[in-house]
Amino acid sequence: MKAPRSGGGWKAIKYSLTLANKVGWWKLWKSMRTRNACKTCAVGMGGQKGGMVNEAGLFPEVCKKSFQAMAADMQPAVANDFFAKNNIDQLRAMSSRKLEYSGRLTQPLLLSPGEKHYKPISWDEAFDLVVERLKAAGPERTFYYASGRSSNEAGFLFQLMSRLMGTNFVNNCSFYCHQASGVGLGSSIGTGAGTLRLEDLDHTDLYILIGANPSSNHPRLMKAFMEIRRRGGKVIVVNPVKELGLVNFKVPSDVRSLLFGSSIASTYVQPHVGGDMALLIGLSKEVLERNAHDQAFIDAHTENFDAFKQQVTETSWDDIIAQSGVDRETIRNIADQYLSAKNVVIGWCMGITHHLHGTNSVQSIVNFSLLRGMVGRRKAGLMPIRGHSNVQGLGSVGVVPGMKQAMLERFEKQLGIKVPTTPGYDTMACMEASHRGEIDFAFCLGGNLFGSNPDTKYALEAMSRIKTVLYLSTTLNTGHVWGTGEETLILPVLPRDEEPEPTTQESMFSYVRMSDGGKSRFTGPRSEVSILAAIGQKLFAGDDRIDWKKLESHSAIQELIADLIPGYENMKETLQSHKEFHVTGRAVEEYNFPTESGKAKFHALPLPDLSVAENELRLITIRSEGQFNSVVYDEEDIYRGQERRDVILMNRADIDRLGLKPDQRVKVKSEAGEMPYILVREFDIRAGSALMYYPEANVLVPHTVDPLSKTPGFKSTRVTLEVEDVIPN
């Protein structure tokens, strides 16, 4: 299929209208206009200002991913005979898309040991089974994993349950996406969240976008880039892949842009995969060699500058250029733009964090920003572009292996409970423990833990060794059919626009929205809070430390969050007036960094080893324009011109060098696994690199992790290609 000339535009509008036809125009409009936060990316919209309205009050703020998620929740229920007709092997033959569109889950389901079919059970049976299995497993053989879809209220109860059980084996999906951002930022400036508010982008005159493709994954950000360019600002895109939507995008909500398109990247740089850190060191070296850094700011507000400067000085230009793949003239050009700008924002996504040196890359971004004091004040700063709508909120309310000291002290003082001090498990540590046979119960609050994992064979082995796997889900996904334990239980939950009481979500701009909820579309599913509270009442019967009956009330949980979660004190006002708020202390102002010294810290970082053999390519796993995280809504990828997902996208020079031809079938191999009968396709990507679709290509990604963030290297897998002789039937 042929790719369009611009991202967004009439095709996006047509797609949304097609969804409206499918579920009903008026029904979709009413659902989208309810006062509920968007269910997809962390840019955020909706809440108390109304559906499709952002925190600045602008309307319409919406994208096709919002419509996709809403339409999925508006589909009919799973047919009554669906699980009787389809055994586990037949379910495993279904694609991610087919599972997603099998219908809404409406009753608890149990896959018993040795059985081939999921069977419905009652809620009472389900709760009794969960409590029995949790008690039998105990704290040392249970882990808790949460997706960014869940509310702050559910997340708070979830981690509270794990701590009362006596374990810190609790984590969230950020360990497989932006944990490197949190660790890198925290070690540099004292806060793991972005330092901007949405309105700061109104003053940006230079935005450097590194390792991200918001045109596909966060489409509403494209309007901000359009506006930067319109007022004379610049957008520098650093990405090994030439992404259509980052070159030109038609913003559907802007008539001028919709009709004529908007140029996005003023400069587009295609480095080697993983070469961003070398480029950032090179940019810092260029600024230092010109003596253009802000020494007064550095002396007053930072530490460890001398060690950083020495490391940069000792790094040769030859090494920088070779590893980054960016020539000296381009580095000078970027430095010129950086030095002439007044308000610089650097944004990034998993093209930075999905490497084994991801945390160091984030620290390198901070180093570069600190050279001119572009972080620590309003109108400029750092912007990790987070994925799920409440992944940041889950971290805020404690769904992490290690509580921050301030939160720990509040918990123990107000609740009178002793929080366990034993080391917690990150997500990969949970998988490794499962693989060793050390886990008896996995409690999954939303998401698709199996589908999110690298090294699919390892993940399959790990989860199959767990005695009981529990999922709280709205629809089916590959985790329910492949990520099964000896026994697997699925409890159907309500999406946030069907919650019986208000919930809250936190955006990537640290803005906390309140979602009203609404009427349930089906009889049967329950809210996550009610499920967790019901389990808590049975699990801790006779334990008077926490009144789990009281915590069936969302407002009771919100009162606790306001008292116990640093930065969430304003939730008390939200309870009274539904006023939404920014988490305090995140948008750093007047260079008051929340570190122990009050200063930001430079990091001296050597270049990583990115060597590959002559016959190897470095593989990047990507999401298509027609998917959200591991959920595949559409098989085609419109922006990249691909009608199917079993492809490897390569530079023409690599196709010729390896003696291949477009549309030839190859076997792609890595140290973790292999994928047969993959079609070779030509694409505009830096030579030496290749693209394949996530989550299917996870089978190729090793389960090794960044030692600092524990994040796998989804975008830095070394692969080889072999020609396939036989065409599959």
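None of Ser66, Ser31, Ser95 is within 24 Å of Ser147 (Cα to Cα) and in contact with a Cys (Cβ under 7 Å, 6 or more places away or on another chain) except Ser66. Among the candidates Glu674, Glu643, the residue that is more than 26 Å from His703 (Cα to Cα), under 28 Å from the mean Cα position of the chain (by Cα) and not assigned by TED's automatic domain parsing to the domain that holds Ser361 is uniquely Glu643.
Filtered by the rule that a residue be in contact with a helix residue (DSSP H, G or I) (Cβ under 8 Å, 6 or more places away or on another chain) and hydrophobic (A, V, I, L, M, F, W, C), the range 613-635 gives Leu617, Leu619, Ile620, Phe628, Val631, Val632.
Residue check: is Phe127 crowded, with 24+ Cβ neighbours inside 10 Å and either assigned to a helix (DSSP H, G or I) or not assigned by TED's automatic domain parsing to the domain that holds Met407 (or both)? For Phe127, the condition - crowded, with 24+ Cβ neighbours inside 10 Å and either assigned to a helix (DSSP H, G or I) or not assigned by TED's automatic domain parsing to the domain that holds Met407 (or both) - is not met. Looking across the range 594-618, the residues that are of a type in the set (A, V, I, L, M, F, W, C) and touching a Phe, Trp or Tyr at 6+ places or on another chain (Cβ under 9 Å) come down to Ala600, Phe602, Ala604, Leu605. Of the strands (runs of 3 or more DSSP E) lying entirely inside the range 628-729, those containing at least 3 residues that are crowded, with 21+ Cβ neighbours inside 10 Å, touching a residue at least 24 places away in the same chain (Cβ under 8 Å) and among the aliphatic types (A, V, I, L, M) span 647-650, 689-693.
Within the range 199-216, the set of residues being in contact with a helix residue (DSSP H, G or I) (Cβ under 8 Å, 6 or more places away or on another chain) and either among the charged types (D, E, K, R) or assigned to a helix (DSSP H, G or I) (or both) comprises Leu201, Asp202, Asp205, Pro214, Ser215, Ser216.
Looking across Ala69, Ala37, Ala12, one residue alone is under 22 Å from Ser515 (Cα atoms), assigned to a helix (DSSP H, G or I), in contact with a Lys or Arg (Cβ under 6 Å, 6 or more places away or on another chain) and not assigned by TED's automatic domain parsing to the domain that holds Arg644. It is Ala69. Do we have Ile531 as within 26 Å of Pro712 (Cα to Cα), modelled with pLDDT of 95 or more, among the β-branched types (Val, Ile, Thr) and surrounded by 24 or more Cβ atoms within 10 Å (Cβ to Cβ) here? No; evaluated as a whole, the condition is false for this residue. Helices (runs of 4 or more DSSP H) fully within the range 427-513 that include at least 1 residues being charged (D, E, K, R): 427-435, 456-464.
The number of residues in the range 367-407 that are touching a strand residue (DSSP E or B) at 6+ places or on another chain (Cβ under 9 Å) and under 23 Å from Glu506 (Cα atoms) comes to 25. Comparison of Ala341, Ala307, Ala322 shows that the only residue that is among the small types (Gly, Ala, Ser), touching a Leu at 6+ places or on another chain (Cβ under 8 Å) and surrounded by fewer than 24 Cβ atoms within 10 Å (Cβ to Cβ) is Ala341. Within the option set Leu279, Leu283, Leu288, being modelled with pLDDT of 95 or more, touching a Pro at 6+ places or on another chain (Cβ under 8 Å) and assigned to a helix (DSSP H, G or I) holds for one residue only, Leu279. Figure legend. Inter-residue proximity from the range 276-305: first residues under 14 Å from Ser316 (Cα atoms), second residues of a type in the set (Lys, Arg), beta-carbon distance below 7 Å, spacing 6+ or different chains. Indicated pairs: Glu286/Arg332; Leu288/Lys309. For first residues located in the range 331-348 and more than 16 Å from Thr204 (Cβ to Cβ), partners that are among the charged types (D, E, K, R) and lie 6+ apart or on another chain with Cβ distances below 6 Å form the pairs Ile331/Glu286; Ala335/Glu286. Among the residues of the range 435-462, write down those that are surrounded by 24 or more Cβ atoms within 10 Å (Cβ to Cβ) and free of Cβ contacts under 8 Å to residues at least 60 places away in the same chain. Correct list: Phe450, Ala462.
Does Glu140 qualify as being assigned to a helix (DSSP H, G or I) and closer than 27 Å to Ser369 by Cβ? So Glu140 does not fit the description; no. Considering the range 504-528, the residues that are of a type in the set (S, T, N, Q) and surrounded by fewer than 22 Cβ atoms within 10 Å (Cβ to Cβ) include one that is nearest to Gly148 (Cα to Cα), namely Ser520.
For (1) β-branched (Val, Ile, Thr); (2) modelled with pLDDT of 95 or more; (3) over 30 Å from Ile417 (Cα atoms); (4) surrounded by fewer than 24 Cβ atoms within 10 Å (Cβ to Cβ), each residue gets a yes or a no:
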site	(1), (2), (3), (4)
Tyr145	no, yes, no, no
Ser150	no, yes, no, no
Ser181	no, yes, yes, no
Leu209	no, yes, yes, no
His218	no, no, yes, yes
Ala224	no, yes, yes, yes
Ile228	yes, yes, yes, yes
Gly233	no, yes, yes, yes
Val238	yes, yes, yes, no
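Tell me, yes or no, whether the range 24-36 has at least one residue that is crowded, with 23+ Cβ neighbours inside 10 Å, out of contact with any Phe, Trp or Tyr (no Cβ under 9 Å at 6 or more places or on another chain) and more than 14 Å from Arg220 (Cα to Cα). Yes: the range 24-36 contains one or more residues that are crowded, with 23+ Cβ neighbours inside 10 Å, out of contact with any Phe, Trp or Tyr (no Cβ under 9 Å at 6 or more places or on another chain) and more than 14 Å from Arg220 (Cα to Cα). Taken together, the residues in the range 65-92 that are surrounded by 22 or more Cβ atoms within 10 Å (Cβ to Cβ) and basic (Lys, Arg) amount to 1. For the range 589-627, give me each residue that is in a loop (DSSP other than H, G, I, E, B), under 23 Å from the mean Cα position of the chain (by Cα) and either in the same structural domain as Ser284 (by TED's automatic domain parsing) or not small (Gly, Ala, Ser) (or both). Scanning the range 589-627 gives Arg623, Glu625. Can we say Leu198 is surrounded by fewer than 24 Cβ atoms within 10 Å (Cβ to Cβ) and in the same structural domain as Val251 (by TED's automatic domain parsing)? So Leu198 fits the description; yes.
The values are calculated or read from the model by the stated rules, or taken from the named source; none is laboratory data. Bear in mind the structure is a predicted one, so any value in this text is a computation, not a measurement. Virtual Cβ from ideal backbone geometry, glycine too; neighbours counted across all protein chains shown.
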